[in-house]
Amino acid sequence: MARVNHWQLPGGVEEVLPDQAETVERLRRLLLDLYRSWGYRLVIPPMVEFTEALLVGLGEDLDLLTFKVTDQLSGRSLGIRADITPQVARIDAHSLAEEGITRLCYAGTTLHARPKTPLASRAPIQLGAELFGDDSAGADVEIVRLMLATLEAAGLDDITLDLGHVGIYEAVLDVAGLDQDLEKTVFDALQRKSAPDLRDALSGVEPAVADCVISLIDLHGDDSVLERARELFGDTAPQAVSAVDMLAELAADLRRQQPDLTIYFDLAELRGYHYHTGLVFAAYVPGHGQALANGGRYNDVGGVFGRARPATGFATDLKALMALAQSLPADAGAISMPDIDDPALTARVAELRASGEVVINALRAAPDPRCDRQLVEVDGDWQVEAL
């Protein structure tokens with residue numbers, strides 16, 4: 001019988017030790033305060049919900065990521081959340097049911113049944129913001145700006161913003177008139193950017209239309225991509241041009257506020273295709289191969305909870321931010337206090353702790369290694385001196 005290491009964690013599930021946990025918590029507080037300053041209110045959804053509430057309308061990808069257990073009280077299937085966004089949509093649509101625009105934010109651990117990528121954590125700490133009740137480009141711009149502000153607050157620079165729009169793919173596919181099975185084949189080949197597989201799958205489609213679909217593979221890069229798309233789709237799929245124009249306008253709005261922002265367009269970006277209904281976006285930084293934050297528009301998901309609402313939002317993983325974060329406020333160290341019963345000392349320690357200082361009791365007269373200062377009695381007054 002194989003020996004069981006009781007200290008071993010499941011693959012892709014990791015613990016966060018003190019130094020890292022402190023960074024994560026400082027980031028969490030910093031970013032939730034940032035969101036509050038933009039008008040976003042904090043919600044704390046539960047770790048588990050009935051499975052159908054977590055997954056409805058969100059596609060097969062999330063279903064595969066979700067751990068499922070049986071609720072011993074109701075006998076129904078419970079899901080351990082793999083994504084907090086649908087929970088926030090439920091809160092907006094049902095629990096709050098407010099009129100007008102609602103801005104919500106959140107931070108919490110999620111759990112994935114399988115990693116999204118080979119090296120990804122299966123227990124990311126998801127943090128994000130969602131804006132409900134407004135279908136305008138201004139709402140999309142606000143959410144993208146808040147995502148960028150999130151990374152900047154963590155001390156990250158040299159950010160590349162990746163922009164796409166699922167409406168481009170939808171418009172081209174509508175013209176192609178594919179059946180459901182063939183559309184799945186085309187979608188898979190396009191995700192893999194495999195032109196030979198696409199040509200084979202589209203062999204029965206009108207050549208001009210097939211060329212439009214295949215051209216999506218190469219429609220990525222700088223602003224010139226948008227002009228190429230207008231030329232390619234203008235006659236064959238005019239609805240795609242409307243989505244292209246929306247991307248151009250959004251990029252112009254963002255550059256007016258952040259002229260140095262690097263924007264990369266990818267018109268075949270189909271992340272969350274069965275979930276998103278318009279703009280999709282992601283942020284990348286050097287040294288991190290995957291998107292560090294991403295999001296998009298996902299209108300009407302709240303309909304299953306009784307109220308369809310326009311919605312747009314983004315999310316990031318605090319653990320990933322922790323690994324890359326720079327320029328956080330420096331740790332001020334700690335103060336050692338003697339382990340004695342003295343009311344004056346107790347009062348002084350309470351005062352220091354209330355001001356934000358860390359004061360650690362020196363048990364057995366041994367200062368904690370984190371201490372760089374100490375409390376010393378001078379003429380009946382407890383003063384802080386260098387250790």
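The values are calculated or read from the model by the stated rules, or taken from the named source; none is laboratory data. A quick note: this is a predicted structure, and the numbers were derived from the prediction, not measured. Neighbour counts are summed over all protein chains in view; Cβ atoms, including those assigned to glycine, are modelled from backbone coordinates with ideal geometry.
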- Taking the options D83, D140, D162, D135, name whichever one is closer than 27 Å to V285 by Cα, among the acidic types (D, E) and surrounded by fewer than 21 Cβ atoms within 10 Å (Cβ to Cβ). D162
- Count of residues meeting criterion [at pLDDT 90 or above and of a type in the set (V, I, T)] in the range 1-15: 1
- Consider V43 against the criteria (1) out of contact with any Phe, Trp or Tyr (no Cβ under 6 Å at 6 or more places or on another chain); (2) surrounded by 13 or more Cβ atoms within 10 Å (Cβ to Cβ); (3) modelled with pLDDT of 95 or more; (4) hydrophobic (A, V, I, L, M, F, W, C): it satisfies all of them except one. Which criterion is unmet? (1)
- When you go through (1) in a loop (DSSP other than H, G, I, E, B); (2) among the aromatic types (F, W, Y); (3) within 26 Å of G303 (Cβ to Cβ) one by one for Y106, which number turns out not to apply? (1)
- Hits in the range 221-268 (condition: surrounded by fewer than 12 Cβ atoms within 10 Å (Cβ to Cβ) and more than 21 Å from L146 (Cα to Cα)): D222, S224, E227, E231, D235
- Message: One residue is enough: does the range 298-320 have a residue meeting the conditions within 20 Å of L55 (Cβ to Cβ) and of a type in the set (K, R)?
- Response: yes
- Message: Any residue that is closer than 30 Å to R307 by Cβ, modelled with pLDDT of 95 or more and either of a type in the set (K, R) or in contact with a Pro (Cβ under 9 Å, 6 or more places away or on another chain) (or both) - is there at least one of those in the range 18-32?
- Response: yes
- Considering only the range 291-387, give the strands (runs of 3 or more DSSP E) lying wholly within it that have at least 1 residues that are free of Cβ contacts under 8 Å to residues at least 24 places away in the same chain and surrounded by fewer than 13 Cβ atoms within 10 Å (Cβ to Cβ). 371-378, 381-386
- Message: Can you tell me which residue is nearest to E269 (Cα to Cα) among those in the range 178-214 that are charged (D, E, K, R) and loosely packed, with under 13 Cβ neighbours inside 10 Å?
- Response: R192
- Task: With the condition kept exactly as written, say whether any residue in the range 85-107 is touching a Ser or Thr at 6+ places or on another chain (Cβ under 7 Å) and aliphatic (A, V, I, L, M).
- Result: yes
- Candidate set from the range 243-265 (those that are in a helix (DSSP H, G or I) and without any contact (Cβ under 8 Å) to a residue 40 or more places away in the chain); member that is nearest to V172 (Cα to Cα): D245
